[in-house]
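A.B. asks: Mind looking over this structure? Questions follow.
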Amino acid sequence: MFTVVIHALLLAFGLILPLGVQNVFVFNQGANQRTFKQALPVVFTASVCDTILILVAVLGVSAAAAFSFFQTLIFGIGLLFLAYMGFVTWKSEPSKTSVKEGMTVKAQILFAASVSLLNPHALMDIMGVIGTNSLLYSGKEKWVFTLVTISVSWIWFLSLAFAGKAVGKMDSNGKIMIWVNKASACMIWGVALYMAKSMLFQ
């Protein structure tokens, strides 16, 4: 069970660390709102959206994997996608996305939901990677894997908003995030190797 938790943690953090539009929005709202409490709507919305997508990915991919052909196909696609995504993450530059200061609660919720649910890259990450990796487990282990990945989303978005409030624009040149992206790429490649090992020796 310990291996399941570590796998889920590395995978979830590897996927969520790179600063795309969703993360930058949460961070900026933490920095721009007058109090941390006023940034909670965006944190809650982003976390709920990720929770829904993760549950759909795990349950949907698992259902398709009931057929051995689909399982092999999904594993292969997931492995290739992880390898490619690690490369893209390694090469990526921090997002320069900016948002308006002090958005209202309604604006935070609408924007956070749109960048979470209408972002093709995020959908591919969750469906193609988390859903695929969930195939490595069944029963209790599958639900532990699912709950850990969901928990990472909630903890990350809360931490990101808090960091935005505390740090503000300390990293205005983006140098720190370049190293964060490289660390994330290494985590993703590590998960890809773990998947390959599990496929070969299952």
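A.B. asks: Among the residues of segment 27-55, what is the count of those that are modelled with pLDDT under 85 and either within 15 Å of the chain's Cα centre (by Cα) or part of a helix (DSSP H, G or I) (or both)?
C.D. replies: Total meeting the criteria: 6.
A.B. asks: Now for a different question. Just checking, does segment 67-81 include any residue being open to solvent by less than 50 Å² (accessible area, probe 1.4 Å), under 16 Å from the mean Cα position of the chain (by Cα) and either among the charged types (D, E, K, R) or modelled with pLDDT under 85 (or both)?
C.D. replies: yes
The values are calculated or read from the model by the stated rules, or taken from the named source; none is laboratory data. Since the model is a prediction, treat every value here as computed from it, not as a measurement. The protein model used for the area step is the full one, side chains on, heavy atoms only, and it has no ligands, DNA or RNA in it. Shrake-Rupley method; radii C 1.70, N 1.55, O 1.52, S 1.80 Å.
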